[in-house]
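Notes follow the structure.
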Amino acid sequence: MASKMYAICTLPGDGIGPEIMAEGKKVLAAIGARHDVEFRCQDQLIGGAAIDATTARGQKPTALPEATLQAAQAADAVLLSAVGGPKWTNTEAGAARPEQGLLAIRKGLGLYLNLRPVRMYDALRAASPLKPELLEGVDLLIVRELTGGLYFGKHEREWGVEGAGVGGTRGEHACDTMDYSEYEVERVVRWAFEAAARRRGRLCSVDKANVLETSRMWREVAHRIGEEFPTVEACDMYVDNASMQLVANPGQFDVIVTENTFGDILSDEASMLTGSLGMLASASLGSGTALYEPSHGSAPDIAGKGIANPLAQILSVELMLRYSFQMDEAANELAAAVQRTLDEGWRTVDIADDSTPADHVLGTAAMGDKVVEFLG
Ligand code: NAD
């Protein structure tokens with residue numbers, strides 16, 4: 001018996017989800033065996049799979065059954081694959097949709113912070129749309145606030161308001177409110193400083209303090225919290241400049257911390273630096289159980305073919321080890337195994353190119369096996 005046990009709620013979801021989840025579990029089992037930890041995984045339904053199962057049972061169709069939420073809340077961590085697919089694109093009002101499962105579980109777990117690491121693998125430089133010399137040393141972490149700002153402010157729309165429209169009184173008026181409380185900023189910024197202190201000791205707080213009051217408060221909070229972390233070299237950057245710097249000189253960044261909308265946009269921009277969707281993991285942390293998932297979707301076009309890239313799922317496991325279980329040594333081993341897999345030329349079809357020998361193009365399960373083989 002292992003000396004420690006962690007309960008993982010596993011949510012394979014739809015499309016390639018079950019295929020890549022199998023590799024995530026394979027890696028977890030191998031890590032557990034090496035570090036004397038049992039990761040007890042229990043599958044639950046989410047997304048289209050949950051809609052189908054609840055429909056088949058004659059229940060109200062739902063993308064997040066109550067049992068799933070309860071299991072997730074009770075677990076030590078949640079590992080999700082992806083949801084969605086053409087089978088569930090019913091746009092009728094009130095119809096259950098797979099993506100509702102994602103929103104509901106994020107809310108149910110009280111997740112308020114999203115992490116998106118972007119690491120450049122030398123072996124995959126050709127896949128990036130940027131010039132190889134710009135990608136030197138790229139290894140950054142975007143920390144995005146997840147529950148405040150524009151997306152959760154008031155959204156209003158009125159017709160015929162005085163003075164609206166071109167030169168007159170007719171036309172619509174729309175308004176979205178950007179709203180932040182100090183504590184929402186504090187908890188995210190403090191987390192980001194702690195992460196920077198554990199990484200390369202640099203933090204860039206991104207705002208639009210020359211225009212927005214929420215940003216001016218954000219900046220004040222960031223400066224105040226920064227005083228608690230004298231070893232972290234902190235700077236502020238306006239979001240327009242940050243979006244430029246991310247493509248002009250991405251190697252300058254270590255941890256970037258920012259509010260919800262800016263983080264949404266910057267993390268997608270940053271994800272393109274690597275050029276390969278199959279490599280990007282993410283984590284969402286909050287007051288309860290944390291959730292780890294690949295950044296890509298359910299890839300219905302390749303589902304069932306055994307060719308999906310499992311590395312984003314495997315790198316989600318790396319984040320879980322690091323941030324839920326403080327198993328940094330195991331996380332580093334896993335990161336090194338992925339690195340070695342790529343350095344030795346092993347590819348799934350999405351990251352292969354003309355120079356990849358045919359016998360180095362692996363299916364999903366064989367890629368997972370390679371990572372396990374290189375664990376040590
Ligand atoms: P997608 O990320 O699923 O796929 C985009 C392209 O990338 C496809 O060509 C796909 O084959 C490829 N791809 C993605 N992941 C891959 C992997 N691991 N290995 C190899 N190739 C991979 O995005 P999409 O096609 O826009 O969406 C498909 C479905 O996924 C939709 O129903 C969408 O709503 C859903 N979706 C879910 C999530 C999530 O669960 N978090 C995120 C995005 C999209």
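Build a GNM of the chain with springs between Cα atoms under 10 Å: which of Gly153, Gly278, Gly171 gets the top mean-square fluctuation?
Maximum fluctuation in the GNM of the chain, among the listed residues, is at Gly171.
Let's test the formula: R0 of 22 Å, r as the Cβ-Cβ distance of Val349 and Arg34. What FRET efficiency results, to the nearest 0.05?
Computed FRET efficiency for Val349 and Arg34: 0.15.
Among DSSP bridges having both ends in the chain, what percentage is antiparallel? Round to the nearest 5. The partial results should precede the final answer.
Details: 20 of 49 bridges.
Antiparallel: roughly 40 percent of the beta bridges in the chain.
Can you tell me which of Arg187, Arg219, Arg198 moves the most in a GNM of the chain? Springs connect C-alpha atoms under 10 Å apart.
So, out of Arg187, Arg219, Arg198, the one fluctuating most is Arg198.
Taking other Cβ within 10 Å of each residue's Cβ, how do Tyr6, Tyr238 sort, fewest first?
Working: Tyr6 20, Tyr238 16.
By the 10 Å Cβ count, ascending: Tyr238, Tyr6.
Pairwise over distinct Cα atoms, reciprocal of the mean inverse distance: report the Kirkwood radius of the chain in Å, one decimal place. Numbers along the way, then the final one.
On the way: mean 1/r = 0.0455 Å⁻¹.
Final number for the Kirkwood radius of the chain is 22.0 Å.
Among Met5, Met279, which comes first, second and so on when ranked by fewest other beta-carbon atoms within 10 Å? Numbers along the way, then the final one.
Numbers: Met5 12, Met279 26.
Ascending Cβ contact count within 10 Å gives the list Met5, Met279.
By how many nm would the segment from Ser287 to Arg199 lengthen if fully extended, with 0.36 nm per residue of separation less the alpha-carbon distance? Intermediate results must be reported in sequence, preceding the final value.
Details: separation 88, 0.36 × 88 = 31.68 nm, distance 2.29 nm.
Gain on stretching Ser287 to Arg199: 29.4 nm.
Given the Cα-Cα distance of Thr169 and Glu66 and 0.36 nm per residue of separation, how much length would full extension add, in nm? Show your work: numbers first, answer last.
Working: separation 103, 0.36 × 103 = 37.08 nm, distance 4.91 nm.
Fully extending the segment from Thr169 to Glu66 adds 32.2 nm.
Could you give P(r) for segment 129-274, binned at 10 Å from zero, as whole percent values over all Cα-Cα pairs?
Whole-percent P(r) values from 0 Å outward: 11, 36, 29, 15, 8, 2.
Work out which helices of the chain, taken as complete DSSP H runs, extend at least 15 Å along their axis over the Cα atoms and score a mean Kyte-Doolittle of 0.5 or more, then list them. Please list the in-between numbers first.
On the way: long enough: 17-35 (27 Å, 0.04); 98-108 (16 Å, -0.35); 182-198 (24 Å, -0.42); 213-226 (20 Å, -1.01); 260-274 (22 Å, 0.08); 311-323 (18 Å, 1.08); 328-343 (22 Å, -0.34).
Span-like helices in the chain: 311-323.
Can you list the GluC sites (Glu not before Pro) in segment 320-357 that are in a DSSP coil and have 13 or fewer other beta carbons within 10 angstrom? Walk me through the numbers before you get to the answer.
Values: sites: Glu329, Glu333, Glu344; in loops: Glu344.
Those satisfying the criteria are Glu344.
Using a 7 Å offset from Cα along Cα-Cβ at Ile265, what residues in segment 100-116 end up with backbone N under 20 Å from the label point?
Residues 114-116 fall inside that zone.
Quick check: residue separation of Glu329 and Ala248 times 0.36 nm, minus the Cα distance between them. What number comes out in nm?
Working: separation 81, 0.36 × 81 = 29.16 nm, distance 3.28 nm.
Separation in residues times 0.36 nm, less the Cα-Cα distance, equals 25.9 nm.
Please state, rounded to one decimal and in Å, the Kirkwood hydrodynamic radius that segment 1-104 gives when every pair of distinct Cα atoms enters the mean of 1/r. The partial results should precede the final answer.
Working: mean 1/r = 0.0694 Å⁻¹.
Taking the inverse mean of 1/r over all distinct Cα pairs, segment 1-104 comes out at 14.4 Å.
Neighbour counts of other C-beta atoms within 10 Å: give me Phe152, Phe374 arranged from fewest to most.
Neighbour counts put them in this order, fewest first: Phe152, Phe374.
Coordinate-derived values only; no laboratory data. What you are looking at is a predicted structure, and each value in this text was computed from that prediction instead of being measured. Please note: Cβ atoms are built from the backbone with ideal geometry, for glycine as well, and neighbour counts cover all protein chains shown.
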